[in-house]
Structures are given as C-alpha cells and as structure tokens.
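Asker: Below is a structure I'd like to ask you about.
The values are calculated or read from the model by the stated rules, or taken from the named source; none is laboratory data. All values derive from a computational prediction rather than experimental measurement. When we count neighbours, we look across all protein chains shown, and the Cβ atoms used for this are built from the backbone with ideal geometry, even at glycine. Surface accessibility is based on the protein's heavy atoms, side chains included, excluding ligands, DNA and RNA. Shrake-Rupley method; radii C 1.70, N 1.55, O 1.52, S 1.80 Å.
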Amino acid sequence: MTAGSERPRGGVSDERAPASTEADGIVPLLEPRGGLPPVVATKAALAEVTGGLARGDGPVAVDAERASGYRYGQRAYLVQLRRSGAGTVLIDPIACPDLSGVDAALQDAEAVLHAASQDLPCLAEIGFRPRRLFDTELAGRLLGYPRVALGTLVEEVLGFHLEKGHSAADWSVRPLRDELLRYAALDVEVLIELRDALADELDAQGKAEWARQEFAAVLTARPAPARPDPWRRTSGIHRVQSRRGLAVVRELWTARDRIAQRADLSPRRVLPDTAIVEAARSYPANHAQLAKISGFAGRQARRHERDWLAAVARARASTDEELPETTGGTMPNGPPPAHRWAERDPAAAARLAAARGAVTTLAEENRLPVENLLPPDALRRLSWDPPRPRSGPGGDQSDEQIVARALAGYGARPWQIELTAGPVAQALRQAKNHVPDAADADAGHT
C-alpha cells in the first residue's frame with residue numbers, strides 16, 4: 001500500500017513504513033511503533049512499566065513466548081503487553097517471575113490474546129490472570145474465517161503482514177537476540193486494532209453474545225484432567241500391534257519423561273518418538289541392538305543408554321496381567337472410540353451419525369466450524385447414552401428440553417444449546433425410529 005492510498009481494512013490509522021511493494025497492497029510490519037523497547041529484567045524496571053500500564057487506556061494486548069520444543073513444560077520465557085498510552089512492554093519472566101503487580105494494575109482492563117487457552121496457563125503461573133478476555137483466534141473461528149493464525153488474520157482483516165518465522169525459536173536462551181525481540185513486539189503491535197475490527201464483524205453477524213460466552217468460558221475453564229495413559233499419545237504408536245510392544249512404549253516413555261523433567265529438556269530432545277516406536281517393534285536387549293535404531297544415536301539418548309535398556313527389560317519381563325491393552329487411553333467414564341460403535345452398538349452409531357449430520361448442517365448455515373458450534377465430546381456422550389426424562393415433577397419435558405439439559409451438563413454454552421438442542425433432539429428421534437432395537441440397546445449403557 002503506497003502513501004495516500006486507501007487505508008487497510010479495519011481502519012488502522014497509525015503511520016506505517018515502509019510502504020508495500022507487493023501487488024496486493026499488503027503492508028509489511030517491520031519495526032514496532034516507537035522502536036524496540038528494552039527488556040524489563042529488574043524490579044525497578046518492572047515497577048516503572050507497571051505504572052505506565054496502569055495509566056494507559058482501554059484494552060491491553062498480551063502475548064507470551066514459550067520454549068516447549070526445547071524445555072520441559074510450558075512456562076513463559078517472554079511476556080509482551082501493549083496498551084494505549086503505555087506503548088509496548090517486554091518482560092523477562094525468568095528475571096521477573098512475579099507479575100502480580102501487573103495483574104493488579106490491569107485488573108479492570110480487557111485482555112486481548114490470540115489463542116488465549118495456550119497462553120493463560122503459563123501467564124497464571126507468574127501471577128497474571130485476566131478478568132475479561134477477547135480472544136482474536138476464537139473470534140475468527142466464530143466469524144467463519146477458514147484460517148485463523150494470527151499472521152493470516154492480521155493480513156486478511158487489517159492488510160498488514162507479520163513475519164512468523166521465529167515462532168519455534170528457543171526463547172529460553174539469554175540474552176534474546178534483537179530479531180527475536182522485534183518479532184515478539186510485533187505480535188502485539190496491532191492486536192488491539194484486530195480486536196476492534198473483529199468485534200465490529202461479530203456485531204454485524206449477530207455473534208457478539210456468542211463470543212462473550214465463549215471468552216468467559218475460556219477464562220473459567222478448568223485444566224483438562226490428566227490422561228490415564230499419556231504414553232499412548234506417542235507419535236506412530238499405531239505401528240505397535242502387540243501388548244508387549246505397547247509395554248515397551250510405556251516404559252521408554254516413562255523413563256524419557258523422568259529424564260526430561262530432571263534435565264529441563266523437551267522430552268523429544270532426549271529421545272524422539274520414532275526411536276521409542278522402533279524399539280517397541282524390535283525389543284533391543286543390548287548396546288549393539290540399541291545402536292541399530294537411529295534415534296538412540298543422539299547425544300542425549302546415548303547418555304541414558306542404561307535407562308533405555310532397563311526400560312525394555314522391564315517390559316520384556318512383565319507378566320500378561322501387567323501388559324497394557326491394545327486399545328485404551330480414553331478419558332475415564334467416557335464412551336469408547338467412535339470407530340468401534342458400529343460393531344458394539346449399531347443404535348448408538350446411528351444416533352451419532354444423525355446428530356453429527358444435524359450439527360454439521362447448522363454449522364454450515366451459521367458459518368462456524370463444527371467443533372465450535374458444539375463440543376465433539378458432548379455430542380459423543382449424548383449419542384452413546386441418550387438422556388431420559390426426569391421422574392416425578394418436571395418429568396413431562398419435551399425431547400428438546402431433555403437434550404438441552406444434557407448439553408448444559410456436558411459444558412455447552414447457552415448460545416450453543418439454543419441453536420442445537422432442537423435439531424439434535426429431532427435427529428436422535430429419527431435415528432431411533434430407523435433402528436427398532438435402539439431402546440433395548442440404550443438400556444445397556446450406564
């Protein structure tokens with residue numbers, strides 16, 4: 001976009017340079033407004049920027065950089081904030097691990113994040129817990145944008161190009177290079193402008209209340225319960241067919257996780273998943289056999305050769321009762337994997353297909369991803385174990401009311417229930433009519 005041409009979509013009025021030379025008129029964002037701010041790494045500097053943020057106006061753009069590809073866990077290694085009247089602030093949470101003062105200063109401000117569910121946990125660890133939220137990624141989903149990455153939305157909505165080449169950098173390294181700091185500062189550069197443009201679109205599509213409920217749900221969401229068998233998420237585990245092979249995966253995964261946590265390294269930097277799977281298929285019993293698997297040749301992996309051989313030995317020595325089942329890993333008290341429903345319970349499979357069809361149609365009509373219209377887990381549970389009328393007072397509820405009550409119990413938001421309860425209830429009725437023994441099959445579920 002050249003000087004004097006039409007402003008980018010979204011109405012951003014700040015001066016920008018340099019102008020784009022691309023045919024599509026997209027303006028590259030290369031430098032933060034006001035230049036690159038210094039990194040806050042002392043208590044005195046933190047107190048100063050906290051005061052500035054408190055005196056600022058309006059929403060505050062927030063982002064955090066992690067190093068999960070390099071370090072164990074999901075802690076924040078850089079926090080970026082931007083607010084009108086305060087400018088951009090970069091905080092080193094390793095040097096300043098307590099942001100409760102920033103939290104107090106911004107307690108009345110709406111926090112604007114992109115994919116907030118990814119950053120809120122690591123921000124909470126250092127004392128920053130927003131009370132109000134606008135999630136630009138979630139807003140983009142509700143508006144029906146086919147791609148909702150930050151760079152894509154900024155380009156599509158505002159007409160600016162964000163360089164995203166450093167998203168997988170090692171943010172735990174100190175000192176952070178200027179190019180990384182510049183990248184981090186630009187991530188909050190136009191986040192508030194993006195928020196304002198998306199908010200206008202939500203109003204225009206009649207989805208502002210939907211967004212408000214979704215943002216509130218993100219803020220109040222409880223951490224997901226721990227998976228009963230986290231090792232089953234090992235990439236490529238489908239290639240391991242035997243129970244004893246799965247025991248090798250389990251033992252190696254557990255040993256790797258213990259080593260990674262102790263060394264503060266990403267587990268995959270200690271030992272890749274491919275090595276675990278290959279060991280589960282070949283049962284290496286000594287150094288020579290282990291060395292034939294390329295994944296065990298890395299520097300970190302070689303240092304723990306005894307641990308790997310001991311893990312494989314434990315799996316080889318396990319009794320049949322100690323071996324894991326070939327299927328598993330579902331959440332406690334949840335339905336079995338949907339691909340097995342047709343053989344285990346054709347009536348439930350028919351209900352799920354009908355309910356999915358109804359929700360898919362509704363999603364298309366409202367320009368929404370299916371998973372944002374109704375949580376997939378709620379739909380599976382509803383189809384596996386259909387709700388029944390209450391006995392006693394209130395037992396004369398309609399099918400739609402019964403389904404609405406069940407959806408609320410599964411965590412669906414009011415706007416989702418309002419849209420889906422009726423069509424899903426109708427789909428479940430139709431599926432039942434097409435499967436004569438469905439009622440008998442239902443009685444077997446608990």
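Asker: Kirkwood Rh over Cα pairs of segment 164-302 into Stokes-Einstein at 10 °C, 1.306 mPa s: D in µm²/s?
Answerer: 82 µm²/s
Asker: Still on this structure, I have one more. In Å and on Cα atoms, what radius of gyration and Dmax does segment 286-433 show?
Answerer: 23.4, 72
Asker: How far is it, in nm, from the label point at Q107 to the one at A285 when both lie 7 Å from their Cα along the line to the Cβ?
Answerer: Once both label points are built, they end up 6.6 nm from each other.
Asker: Quick check: residue separation of E400 and S84 times 0.36 nm, minus the Cα distance between them. What number comes out in nm?
Answerer: Full-extension gain reported as 109.1 nm.
Asker: How do the peptides 291-299, 181-189 rank, highest first, by the average count of neighbouring beta carbon atoms within 10 Å per residue?
Answerer: Top to bottom by mean Cβ count within 10 Å: 181-189, 291-299.
Asker: Divide by every residue of the chain the summed helix terms, -39500 (n - 2.57) for each DSSP H run of at least 4, and state the resulting mean residue ellipticity at 222 nm, rounded to the nearest 500 deg cm²/dmol.
Answerer: Rounded to the nearest 500, the figure is -13500 deg cm²/dmol.
Asker: Additional query: Evaluate 2.2 N^0.38 Å with N set to the residue count of segment 69-117, then give the Cα radius of gyration divided by it.
Answerer: 1.28
Asker: Same structure again: Determine the gain in length on full extension of the stretch A353-T42; use 0.36 nm per residue of separation and subtract their C-alpha separation, reporting nm with one decimal.
Answerer: 106.2 nm
Asker: I want to check the label-to-label distance for A313 and Y410. Put each point 7 Å from Cα in the C-beta direction and report it in nm to one decimal.
Answerer: 4.9 nm
Asker: Over segment 21-66, consider all pairs of different Cα atoms and compute the Kirkwood hydrodynamic radius from their mean reciprocal separation; express it in Å, one decimal.
Answerer: 13.9 Å
Asker: Per residue of segment 224-232, in order, report the coupling 6.51 cos²θ - 1.76 cosθ + 1.60 (Karplus, θ = phi - 60°) as ³J(HN,Hα) in whole Hz, putting x for Gly and Pro.
Answerer: Computed from phi, the couplings for segment 224-232 are 4, x, 4, 5, x, 10, x, 5, 5 Hz.
Asker: Now for a different question. At q = 0.12 Å⁻¹, what log₁₀ I(q)/I(0) does a Debye calculation on the Cα points of the chain give, no solvent, two decimals?
Answerer: -1.17
Asker: Sticking with this one: Cα centroids of segment 336-401 and segment 136-213: how far apart, whole angstrom?
Answerer: If you average the Cα positions of each part, the centres end up 33 Å apart.
Asker: How far apart, in nm, are two points set 7 Å out from the Cα along the Cα-to-Cβ line at R306 and at A217?
Answerer: 5.1 nm
Asker: For a quick check of understanding: with a 1.4 angstrom probe and all protein chains in place, what accessible area in square angstrom does H166 have, to the nearest ten?
Answerer: 50 Å²
Asker: Please compute the contact order of the chain in relative form: average sequence separation of alpha-carbon pairs under 8 Å and at least six residues apart, divided by the residue count, as a percent.
Answerer: Relative contact order comes out at 13 percent.
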